[in-house]
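S.K.: Here it is, the structure, as structure tokens.
The values are calculated or read from the model by the stated rules, or taken from the named source; none is laboratory data. Quick caveat: nothing in here was measured; it's all calculated off a predicted structure. Cβ atoms come from the backbone with ideal geometry, glycine included; neighbour counts cover every protein chain shown. Ligands, DNA and RNA are excluded from the accessible area calculation, which covers all protein heavy atoms including side chains. Shrake-Rupley method; radii C 1.70, N 1.55, O 1.52, S 1.80 Å.
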Amino acid sequence: MEIIKAIAVTLCSPLVLASFFLLIGFLASLRKLIRVKAFSYGFSVTVLLVCSQPYFAELLLYPLEHLNRDQPKLENATSLIYPLACFYNGKGKVPEISRWAECSLQRLTAAARLYHEYGGQILVTGGKNRFHETVSYAKKARELLCSLGVNEQDIFVIEHGGTTAVEIASAAEHLESQPVLIISSATHIRRLALLTGERETISFYPVDYLTLGDLTPRIELPSIFALEASRRAFYEYMAFTKDYFMTMRKLSSSQK
């Protein structure tokens, strides 16, 4: 199952997908398979040209980041603020602030600002992995929040979680009996609503937007940022589909 997941995640990248078909085209040319070669080369070039267009990436991301998005209920922050984990790299010789990914900094900074404005408490989750083998993500997140003026006594730490689904499951008891404001990247919000059961006590505060919601048709020079945005969109659609079917299967099993 893990191998299938790794392959699917890898193929979400337009660069990887284009390279894969480029390789097929090259092998087909060696075997004199003219039609296979033409299709593979054509598909490879098409993927790169289309997915590197900012407008195409915005079309992919618009339903995730902007469509039917309710305003966050900031009053919920007076109870519990929950910034989901993203990425921290404990390796290398770089300043501490440079170890945090953009998504982590936006989520944790937003949590600290909401805490100072509305009060309440903050929950952080995330365990150890190969990028920070000696300390958990959650502990590092607590350190960063404390440096931003958050009282350590107001921070709950759960040193567990490697995926969005695992994080939500590990924090389940904190999400059941009180208003919660979950902070995550804008592309994740629809999947989070699915994983949390769209409860009225839970609202979402999206950050780390990849697009501004501008759907004006245009053609621009190919962009590496558009390729990454397209990859993020493909990955999120794949993950949402997986979590949707898993959720439906759990509901079906519980009703039997």
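S.K.: Would you be so kind as to identify which of LEU15, ALA85, LEU175 lies farthest towards the positive end of the dipole of the chain, taking Lys and Arg as +1 and Asp and Glu as -1 on Cβ and the Cα centre as origin?
M.R.: Positive-end residue among those listed: LEU15.
S.K.: On the accessible surface of segment 70-217, probed at 1.4 Å, how many percent belong to carbon and sulfur atoms?
M.R.: 49
S.K.: Would you mind calculating the relative contact order of the chain from Cα pairs under 8 angstrom and at least 6 residues apart, reporting the percent as a whole number?
M.R.: Taking the mean separation of contacting Cα pairs over the length of the chain, I get 26 percent.
S.K.: Another question, then. Please count, across the chain, the pairs of lysine residues with Cα atoms under 24 Å apart that sit 8 or more places apart or on different chains.
M.R.: Lysine pairs meeting the criterion: 13.
S.K.: Report the full-extension gain for the segment GLU173 to ALA6: residue separation times 0.36 nm, less the Cα-Cα distance, to one decimal in nm.
M.R.: 57.1 nm
S.K.: Let me ask something else about it. Please calculate how many Å² of accessible area the chain carries per residue, with a 1.4 Å probe and no DNA, RNA or ligand atoms counted.
M.R.: Spelled out: the 1.4 Å probe surface of the chain, per residue, equals 57 Å².
S.K.: Give me the number: length gained by fully extending GLU102 to GLU198, i.e. 0.36 nm times residue separation minus the C-alpha to C-alpha distance, one decimal in nm.
M.R.: Computed gain between GLU102 and GLU198 is 31.9 nm.
S.K.: Considering only C-alpha atoms, what is the centroid distance from segment 33-57 to segment 119-143, in Å?
M.R.: 41
S.K.: Another question, if that's okay. Using a ≥ b ≥ c from the Cα gyration tensor of segment 120-256 (square roots of the eigenvalues), is it rounded, prolate or oblate, where a/c under 1.5 gives rounded and otherwise the larger of a/b and b/c decides, a/b for prolate?
M.R.: Oblate is the answer for segment 120-256, as a/c is 1.5 or above yet b/c matches or exceeds a/b.
S.K.: So what's the angle, to the nearest 10 degrees on a 0 to 90 scale, between helix 14-30 and the longest Cα principal axis of the chain?
M.R.: Around 20 degrees separate the two axes.
S.K.: Per the Debye formula with a single identical scatterer at each Cα and no solvent contribution, what log10 I(q)/I(0) holds for the chain at q = 0.13, 0.17 Å⁻¹?
M.R.: Log10 of I(q)/I(0), two decimals: -0.93, -1.35.
S.K.: For segment 1-105, state which trypsin sites (Lys or Arg not before Pro) are in a DSSP loop and have at most 13 other beta carbons lying within 10 Å of their beta carbon.
M.R.: For trypsin sites (Lys or Arg not before Pro) across segment 1-105 that sit outside H, G, I, E and B with at most 13 neighbouring Cβ atoms in 10 Å, the list reads ARG31, LYS32, LYS91, LYS93.
S.K.: What percent antiparallel are the DSSP beta bridges of the chain, to the nearest 5?
M.R.: 10
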